[in-house]
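Below is one structure, written out as structure tokens, with a few remarks after it.
Values in this text are rule-based calculations from the coordinates and carry no lab data. Values in this document were obtained by computation on a predicted structure and should not be read as measured data. A quick note on method: Cβ atoms are made from the backbone with ideal geometry, for glycine too, and the neighbour counts reach across all protein chains shown.
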Amino acid sequence: FNAQAYGIQEAVVFAMVPPAIPGLGATGGLQLQVEDRNNLGATEMQHAVETLMATYHTKPALASVSSQYQANVPQYFLNIDRDKVQLMGIPLNSVFTSLGYYMGAAYVNDFVEFGRIYQVKLGARDRAQRIIDDVLKLSVQNASGEMVPFSAFMRMEEQLGMDQINRYNMYSTASVTCNVAPGSSSGEAIQQMEALFKEQLGDEFGYEWTSVAYQETQAGTTTTVVFVMALLVAFLVLAAQYESWTSPVAAVIGLPVALLGAMIGCLIMGTPVSIYTQIGIILLVALSAKNGILIVEFARDFRAQGNSIRDAAFQAGHIRLRPILMTSLAFVFGVMPLLFATGAGAESRIALGAAVVFGMALNTLLATVYIPNFYELMQKITGKVGKEADRRKD
């Protein structure tokens, strides 16, 4: 639609998607407020917005940049000579009240009829507003009771100005909508839009993100905290279960491989790393640790029976290989339909499926093989540390 609408020379036409969260913002995309912090005026603000709209092509993460800000809209200015109004004995409020009735409407009162309450509003009909010169034919009563036409104290002037006056953080502002290009994340688009703003506008204007983009920028560090906390909780639970600080490391060592698989999956499916991908990665923390837990648990049991560290690790990996493959591959095939989702909400399901399916598949094929070796390594390190501690005590 936008490609066809750009060919219309008589108007600026573009499509806007609804916000991702209903009620949070007027449109979808990333909402940026350009602020006139140096009081440069509406014309300079218009040039700034046009500069951003003309140069966004240099940033691959931005699919489009649009704005409804207009600083040079043809307008009529009613120039009221207040000195003449005072000399004629006309209350200034009466002038604005009559003008308001003519150009709009005014609430009068309510009345009750048929058991319901109805409002009475006073206003001119649409026919009276078709010709702008008719405003000068209006009359207002002065202190002597005489009707004075508006043309006696008012002049009509044509000028250019803003269609709407908006403010954000007490500054004059222009709203700019940035749409994310396919294959890019909203975080990349935010970073590249900020870089574009600094490159083209420098310090002449300020900016603030609003709506969903503001929430995303404020929650930027939350995702990292969630990942770290999920990994920390898994590690501490396993440390309490094994009564060891090294065995849990062997159990969760498959997580990096799972994360690599999730990134490969997003690359293959062409989906950005979104909030749904992050949810899938949180799920991978538990799923990848599950395979390591099964191997480490059996290796500890074999070690307790008197086997060497290498034999215990080998037997645990050999015995648990088939059950791990069965359960993991069953899970992978079970969630694989997410990769082929269609219809409403398909993008979210594909993003979640890409992370979980590819991450779990790569973890099953690779991590399962070297977890026994890593268990052996950690046990040898523990033994050396224990012997060194005993030697120092002696």
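Computed values, structure above
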| quantity | calculated |
| --- | --- |
| Nonlocal Lys pairs with alpha-carbon distance under 24 Å, the chain (8 or more apart, or different chains) | 6 |
| Distance histogram in 10 Å bins (all Cα pairs of region 222-393, percent per bin) | 10, 35, 31, 16, 6, 2, 0 |
| Alpha carbon convex hull of region 323-381, volume per residue in cubic angstrom | 73 Å³ |
| Exposure proxy ranking, count of Cβ atoms within 10 Å, fewest first, for Glu208, Glu347 | Glu347, Glu208 |
| Sorted by Cβ neighbour density within 10 Å, fewest at the top, the residues Glu146, Glu10, Glu188 | Glu10, Glu146, Glu188 |
| Diffusion constant of region 73-158 at 25 °C, which comes from Stokes-Einstein with the Kirkwood Cα-pair radius and 0.890 mPa s, µm²/s | 168 µm²/s |
| Spherically averaged projected area of region 166-243 from its Cα convex hull (nm²) | 8.2 nm² |
| The chain, helix-only ellipticity at 222 nm - DSSP H runs n ≥ 4, -39,500 (n - 2.57), divided by all residues, nearest 500 | -17000 deg cm²/dmol |
| Spin-label proximity, Thr217 to region 34-62 - amide N less than 16 Å from point 7 Å beyond Cα toward beta carbon | 34-37 |
| P(r) of region 126-216 over all Cα-Cα pairs, binned every 10 Å from zero, in whole percent | 11, 26, 19, 13, 17, 11, 3, 0 |
| Axial C-alpha extent at least 15 Å, average Kyte-Doolittle at least 0.5 - helices from the chain (DSSP) | 92-103, 222-242, 255-269, 275-304, 309-335, 346-362 |
| Exposure proxy ranking, count of Cβ atoms within 10 Å, fewest first, for Trp209, Trp245 | Trp245, Trp209 |
| Span per principal axis, largest first, for the Cα atoms of the chain (Å) | 116, 59, 51 |
| Tail fraction, Cα-Cα pairs, region 164-317, threshold 21 Å, whole percent | 62 percent |
